[in-house]
1. When only the heavy atoms of the protein chains count and the probe is 1.4 Å, how do His65, His557 rank by accessible area, highest first?
2. Determine, from the Cβ-Cβ distance of Ser76 and Ser5 and an R0 of 45 Å, the FRET efficiency 1/(1 + (r/R0)^6), rounded to the nearest 0.05.
3. Rank these residues by their accessible area, most exposed first, probe 1.4 Å: Cys474, Cys87.
4. To test your reading of the geometry: what angle, between 0 and 90 degrees and rounded to tens, separates the Cα axis of helix 533-547 from the longest principal axis of the chain?
5. Starting from the Cα-Cα distance between Phe196 and Thr417, subtract it from 0.36 nm times their residue separation and give me the gain in nm to one decimal.
6. Give me the net charge for the shell around Ser435: Cβ to Cβ below 15 angstrom, other residues only, Lys and Arg +1, Asp and Glu -1.
7. Would you work out which of Pro317, Val341, Gly306 lies farthest towards the positive end of the dipole of region 306-351? Charges go on Cβ: Lys and Arg +1, Asp and Glu -1.
8. For Ile523, list long-range residues whose amide hydrogen, built 1.01 Å from N in the peptide plane, is under 5 Å from its own amide hydrogen.
Amino acid sequence: MKIYSRILRYVVSYKKYLLVSILLSIVFSVLSGISIYLTIPLLKTLFLNNGSGSVPVTDENFIRHSMQYFETFIFSGGKGKALMIICVLIIVAYMLKNITGFYQALFMQKVEKGVVRDVRLAMYEKVNMLSLRYFTSERSGNLISRMTNDVNAIQAGISATFLNLLREPLLIMIYLVLAISLSWKMTLIALIVFPFTVLVIVKIGSSLRRRSMKMQIKTGDIISIITESIYGAKVIRAFNAQKFLHKLFRKESDELYFLTLQNVKASELAQPITEFLTIVAGVMIIWFGGREILISNTMQPEEFLGFLFIIFQLVVPIKNLGSVNNRIQEASASAERLFDVLDHPIEIRDPETGINLNSFNESIEIENVNFEYEKNKPVLVNLNLTIKKSELIALVGPSGSGKSTFADLIARFYDVTSGQIKIDGNNIRSIKLDSIRKLIGIVQQETILFNDTIRNNIIFGLEDVTEERLHEVCKSANAYDFIMETANKFDTIIGERGLKLSGGQRQRISIARTLLRNPQILILDEATSSLDNESEKIVQDALNKLMQNRTSIVIAHRLSTIKDADKIIVLDNGKIEISGTHDQLMNSGDNIYRKLYNMQFK
Ligand SMILES: Nc1ncnc2c1ncn2[C@@H]1O[C@H](COP(=O)(O)OP(=O)(O)O)[C@@H](O)[C@H]1O
Ligand SMILES: [Mg+2]
């Protein structure tokens, strides 16, 4: 319930619409009562055989009292006129009722859809703040399913709460009052049978919650496979893995199918059971009431028929009320999964009164840094290193030795497990995140581009970028010529993840993007490793221009590119194995760097 009331807090900003909708639903309920009650005088006109049906006003019951006045009025002009008045009144009542119903639904939708939009927005903003760790530990499909299915599922709970939970009891009350005014004895029977019906419905509904939870998780798994198959289209074909994946997908689909069927069974059962129980109740009432008319003659036939109409009208609100519980349960199940994401702790906290570091002047210090992704699995062990301004530092070592992790720590994608990293003497945890990210530029092995124009991929959110500046950085990044050769130049859309470009072209776009930001510290993480010789030369040339007048940390696969580094750090198993300049390392006996170097050049 706590979860559910949290969802309702999103409704607050739509309280105006909500209020209108609630008012309209009250009007709607009253009009429904009037519409149905009008059938009694209608029946009376049809049954009557004398000219005037006016009855002496004797009843003490308020509703019957006013009804009798009303009847006296319509029957004053004779039977034919009475029929016409009643028909017109019925048409008007139903018309007003349905118009109110329409606007009431419209305003409720404004609330529901608005909440859906707001929750989805909150989710998206949260996703962009989550630690990178989250994405490696959760399946992407899970997140996608939460942002689509679950966000949509909460809206059913909103109308259930504010519409059905209000309108249905009101309708039931109105119908009951009308029924009591006709026969309290028969109403009593209805009152005994109907709550029992509702109880059965609620029981069925309570099992829905668990099932819908399982269903959502399964849906997430399926979306994960689909997204991976889209991203991995080439690999799947290259390795002939279609059969394997089809089998996997079929298994997941079958499981979802059975879960859904179970779920459907529960929810579909609710309806026939309600209807059957209502009919049983109705028949019991007819039986009782029939005897009342036939034997004791205490009720007019038209009143008895009117009573039956009203009692059967009760089915609709009771049925709706029965499903309210299901809908609220399902909505809370979804809400739970949404809040699970929204409440996920933000690992990398932006310090509230953080330092705004606008320039890098002295050094980056890495002091006794240890890091682990998972508890007790150290990835980096007791690192100590000082990187001075304008230096070129190279990180080498076997794959899996922790080079990328080290770079991620400097950009504060992760926080160190122990020790500290300082920029110009400030612990990076006390520096504003966006000022760290502004200082540091990163070019990775795999460039992620978005399905947008070349221009937007390079500018990527920067403001006030002049066309000259854009062309200038593209020229430095050796990207200008190929961009000009594309169909729409800077406005060419590059396809999802930039797949319409070659690896080298993507890399040069990425370099242009970094150049445009003019970061003082540069991290190149195997930026040329996935390229062929030809494009590697062009990209390396662009990188060299990028590195000019900057402090650079270069992770390189090919040792020839880092021979001139001020310091080469050799990482192995998360530890600094040895460090020094190329010459120092080559001349200090048998070491891992010399081995790696000789392997590449002999
Ligand atoms: N997100 C992650 N979660 C858990 N372990 C990881 C994660 N990323 C990398 N690792 C592990 O950390 C170690 C270092 O990885 P990485 O820094 O990428 O190495 P390198 O860049 O030197 O090849 C590897 O053993 C790798 O399996
Ligand atoms: Mg790496």
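The values are calculated or read from the model by the stated rules, or taken from the named source; none is laboratory data. Note that the structure is predicted; figures quoted are calculated from it, not measured. Here Cβ is always computed from backbone atoms with ideal geometry, including for glycine, and neighbour counts include all displayed protein chains. Calculation scope for accessible area: heavy atoms of the full protein, side chains included, ligands and nucleic acids excluded. Shrake-Rupley method; radii C 1.70, N 1.55, O 1.52, S 1.80 Å.
1. Working: His65 65, His557 115 Å².
Most to least solvent-accessible, the answer reads His557, His65.
2. Values: r = 55 Å, r/R0 = 1.23.
Approximately 0.25, to the nearest 0.05.
3. Numbers: Cys474 0, Cys87 60 Å².
Reading off the accessible areas and sorting them downward yields Cys87, Cys474.
4. 90
5. Working: separation 221, 0.36 × 221 = 79.56 nm, distance 5.95 nm.
Contour length minus the Cα-Cα distance gives 73.6 nm.
6. +4
7. Working it through, the farthest residue towards the positive pole turns out to be Gly306.
8. Residues meeting the criterion, in which the H sits 1.01 Å from N, are Gly441, Ile442, Val443, Ile553.
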